[in-house]
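Structure record follows, encoded as structure tokens.
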Amino acid sequence: MASPPDTLIGHDELLARMARDLAAGRLHHGWLLNGPEGIGKFKAALHLAAWLLSVPDQSTASLFADEASNRLPDPRQLDPDHPEVRLALTQTHPDLLIIKPSEDEKNKSGQIKTDQIRELNSFFAHSAGRGGWRVAIIDSLDLVNRNGQNAMLKILEEPPKQALLLVLNNRSGAVLPTIRSRCTQAVMQPLRQTETIQVLERLWPSGDDAYIRTLAGLSGGSPGQAVQLAEAEAAPLFEASCHLLCDPATRPEDFWAIAEKWGPAGNKGRAVRAAALFLFDRLITTASVNAASVETTLQQEDDFSALGFIRPTLDALRQRHQAETLARLHQEFCADLRRTERLFLDFSPVFAKFLCKLHSQTQPE
């Protein structure tokens, strides 16, 4: 049975942790939500904001923690009829600030500007418009430069009462130590296969079940990535490519033909090329791990390996190449693809040569 639309799918550990901290009167003012892109960090942050903005007054929580805990709504299930929840989920709540890259044509960099970060100071300087908490969400820290991160420090060092800053982060290496040390860390994991399927079924209630399961298996627990693969129409291309790699009779011209479908020129093909990088990165990484194993069968098969067209492809790659060869081919492919994007070169010949190398035999039969 489908879950209600106001139920957050996955990330139960984060919800429970925040609820415990709030009930105990020790909810930290700054949270760094780390995790891969596309797993629902913004959805979770917005859900938490809606929940926190709807809780009753917690001013006595430190003295009467048990009573406060009993009054807390369940963070896993929001009340869609609650006015604070409704305003927060529609991103119109006066006590909610969401900072994302400006869609202004002047913002060609796609970054969050330092002036946007400085809005935090005025937002948190004023009393809550509806008398409760104030919540700000930064989506995401990867798009904030060093000056912008330094501008966050005043709020993190001198937080006002009943204020919460949720900072989303895709790459942990981009975080300044001063930011990291002043935030509570939360590592958000990719969703489970069943959870990813739930999210996709909610997005596409009339979608084909088999196709949804394929996208869930390919996406690695990232519904956002699954949507991008669907929009790029990459799943059928990837399956066809895998069948070509498995077939010993495949000719070089077959790889050149399918490479042209993977490599449309210009911005139109950017999503398709990004899908190629994501999918073949997963394929070759998994094949390298399997090739390094002394076992003759795949161990601890994951959702990706369990797909019907992936398993024989992994077996074929392992029989043709040693782990070191696969790792080298993978490194060369990633470097070549990024170079073609940077220099606006034709991707098709690069990809065709890569597929031909994967199909060739490099270790003794």
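Dividing the Cα radius of gyration by the Kirkwood radius, what Rg/Rh value follows for the chain? Numbers along the way, then the final one.
Values: Rg = 23.8 Å, Rh = 23.0 Å.
Here Rg/Rh amounts to 1.03.
Using a Förster distance of 56 Å, how high is the FRET efficiency between Q91 and R339, based on the Cβ-Cβ distance and rounded to 0.05?
Values: r = 39 Å, r/R0 = 0.69.
Computed FRET efficiency for Q91 and R339 comes out at 0.90.
Please determine, in degrees from 0 to 90 and to the nearest 10, the orientation of helix 41-54 with respect to the longest principal axis defined by the Cα atoms of the chain, where the helix direction is its Cα long axis.
Between helix and principal axis, roughly 20 degrees.
Between R328 and W256, what is the label-to-label distance in nm when each label sits 7 Å out along the Cα-to-Cβ direction?
Simple spin-label model gives 2.5 nm for this pair.
Could you name the lysines whose alpha carbon sits less than 22 Å from that of K161, not counting residues in the same chain fewer than 8 places away?
K161 reaches no qualifying lysines.
How much accessible surface does H126 have with a 1.4 Å probe, in Å² rounded to 10?
120
Apply the Karplus curve 6.51 cos²θ - 1.76 cosθ + 1.60, θ = phi - 60°, to the phi angles in segment 115-121 and return the couplings in whole Hz, x for Gly and Pro.
Running phi through 6.51 cos²θ - 1.76 cosθ + 1.60 with θ = phi - 60° gives 4, 5, 5, 5, 4, 4, 4 Hz.
Between A275, A174, A232, where does the largest GNM mean-square fluctuation fall for the chain, given springs only between Cα atoms within less than 10 Å?
Fluctuation is largest for A174.
Between 0 and 90 degrees, rounded to the nearest ten: what's the tilt of helix 12-23 against the longest Cα principal axis of the chain?
Roughly 10 degrees, rounded to the nearest 10.
Between R202 and S109, what's the calculated FRET efficiency when r is the beta-carbon distance and R0 is 22 Å? Round to 0.05.
0.10
What are the aspartates and glutamates whose alpha-carbon lies under 14 Å from the alpha-carbon of K261, with same-chain residues fewer than 8 places away excluded?
Within the straight-line cut-off, K261 pairs with E233, E239, E253, D346.
Counting only Cα atoms, I'd like the Rg/Rh figure for segment 204-321, Kirkwood definition for Rh.
Details: Rg = 14.7 Å, Rh = 15.1 Å.
Expressed as Rg/Rh, it is 0.97.
When the chain is modelled as a GNM with alpha-carbon springs shorter than 10 Å, which of N169, N107, N290 fluctuates the most?
For the chain, modelled as a Gaussian network with Cα springs under 10 Å, the answer is N107.
Set the Förster distance to 51 Å, then compute FRET efficiency between E119 and A292 from the Cβ-Cβ distance, nearest 0.05. Mind showing how you got there, number by number?
On the way: r = 50 Å, r/R0 = 0.98.
So the FRET efficiency works out to roughly 0.55.
Could you work out the mean projected area of the convex hull around the alpha carbons of segment 109-267, in square nanometres to one decimal? Please list the in-between numbers first.
Values: hull surface 56.7 nm².
Average of the hull's projected areas for segment 109-267 equals 14.2 nm².
For the chain, take the longest principal axis of its alpha carbons; what is the angle in degrees between that and the long axis of helix 270-292, to the nearest 10 within 0 to 90?
Roughly 70 degrees, rounded to the nearest 10.
What ranking, highest mean first, results for peptides 334-342, 145-153, 350-358 when packing means the other Cβ atoms within 10 Å averaged over each residue?
So the peptides 334-342, 145-153, 350-358, ranked by packing, come out 350-358, 145-153, 334-342.
For the chain, modelled as a Gaussian network with Cα springs under 10 Å, which listed residue fluctuates most, P56, P177, P83?
Among P56, P177, P83, the largest mean-square fluctuation in the Gaussian network model of the chain belongs to P177.
What does the accessible area per residue of segment 216-364 come to in Å², with a 1.4 Å probe and no ligands, DNA or RNA counted?
Values: 7310 Å² over 149 residues.
About 49 Å² of surface per residue is accessible.
Carbon and sulfur together cover what percent of the accessible area of the chain at a 1.4 Å probe radius? Walk me through the numbers on the way to the answer.
On the way: 9530 of 18680 Å².
With neighbouring chains kept in place, the figure for the chain is 51 percent.
Show that you can apply the helix-only estimate: for the chain, add -39,500 (n - 2.57) for every DSSP H stretch of four or more residues, divide by all residues, and state [θ] at 222 nm to the nearest 500. Can you show the working numbers first?
On the way: 17 runs with 191 residues, N = 365.
Taking each H run of at least 4 residues, the total per residue is -16000 deg cm²/dmol.
The values are calculated or read from the model by the stated rules, or taken from the named source; none is laboratory data. Just so we're clear, the structure is a prediction, and the values are computed from it rather than from any experiment. A quick note on method: Cβ atoms are made from the backbone with ideal geometry, for glycine too, and the neighbour counts reach across all protein chains shown. When the accessible area is computed, the model is the full protein with side chains, heavy atoms only, and any ligands, DNA or RNA have been set aside. Shrake-Rupley method; radii C 1.70, N 1.55, O 1.52, S 1.80 Å.
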